[in-house]
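Undergrad: Right, I'll just put the structure down here and ask away after.
The values are calculated or read from the model by the stated rules, or taken from the named source; none is laboratory data. Just so it is clear, the structure is predicted and the values come from calculations on it, not from any experiment. Here Cβ is always computed from backbone atoms with ideal geometry, including for glycine, and neighbour counts include all displayed protein chains. Side chains are part of the model used for accessible areas, which takes the heavy atoms of the whole protein and leaves out ligands, DNA and RNA. Shrake-Rupley method; radii C 1.70, N 1.55, O 1.52, S 1.80 Å.
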Amino acid sequence: MNTKQLALSIPGYGKISTPGDITAINNLSLNSIIRWGITMLLYGAILLSFIFILIAGLKWITSQGDKKALEGAHKTLTMAIGGLILALLAYFIINLVGWAFGVRLLG
């Protein structure tokens, strides 16, 4: 079987190959694309949660005792922590479902 390698060669730097399990065009499957997509969505949700936790902390610090601003910061912090917990639960549930069916769903 003749497979074409996905690689780039730069003079003086050598060969640059693709990362992970995507080594040939024939290995690119729907399963690997779905795994990559689910993983990136989970990482993105976790990153956004941490960003919103930082924003809530900045709102809290700059509120200067204003009750309305403190309430907004508290609400942002509560939602960010809830989002983080939801993203982590989704990660564990996806792993659990994959383990139950014997399928590797995350990369």
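Undergrad: Provide a single number: the residues in the stretch 48-74 that are of a type in the set (Asp, Glu) and not in a helix (DSSP H, G or I).
TA: 1
Undergrad: Right, something else. Only one of THR3, THR23 is open to solvent by less than 80 Å² (accessible area, probe 1.4 Å), over 27 Å from the mean Cα position of the chain (by Cα) and either closer than 30 Å to VAL103 by Cα or at pLDDT 95 or above (or both). Can you tell me which?
TA: Result: THR3 is the single residue among THR3, THR23 that is open to solvent by less than 80 Å² (accessible area, probe 1.4 Å), over 27 Å from the mean Cα position of the chain (by Cα) and either closer than 30 Å to VAL103 by Cα or at pLDDT 95 or above (or both).
Undergrad: Based on what the data block shows, is TYR43 of a type in the set (Phe, Trp, Tyr) and either open to solvent by less than 100 Å² (accessible area, probe 1.4 Å) or in contact (Cβ under 8 Å) with a residue 60 or more places away in the chain (or both)?
TA: When the stated conditions are applied, TYR43 does not pass them.
Undergrad: Could you tell me which numbered condition ILE10 fails, if it satisfies all but one of (1) modelled with pLDDT under 85; (2) under 20 Å from the mean Cα position of the chain (by Cα); (3) open to solvent by less than 90 Å² (accessible area, probe 1.4 Å)?
TA: So the condition that ILE10 fails would be (2).
Undergrad: Name the pairs whose Cβ atoms lie under 7 Å apart, with the first residue in the stretch 63-85 and under 24 Å from GLY44 (Cβ atoms) and open to solvent by less than 60 Å² (accessible area, probe 1.4 Å), the second among the hydroxyl-bearing types (Ser, Thr, Tyr) and assigned to a helix (DSSP H, G or I), and 6 or more positions between them or separate chains?
TA: Every condition considered, the pairs that remain are ALA80/SER49; GLY83/SER49; LEU84/SER49.
Undergrad: Now for a separate question. Quick check on the stretch 46-62: of everything there that is open to solvent by 100 Å² or more (accessible area, probe 1.4 Å) and of a type in the set (A, V, I, L, M), which residue is farthest from the chain's Cα centre (by Cα)?
TA: Here the residue is ILE61.
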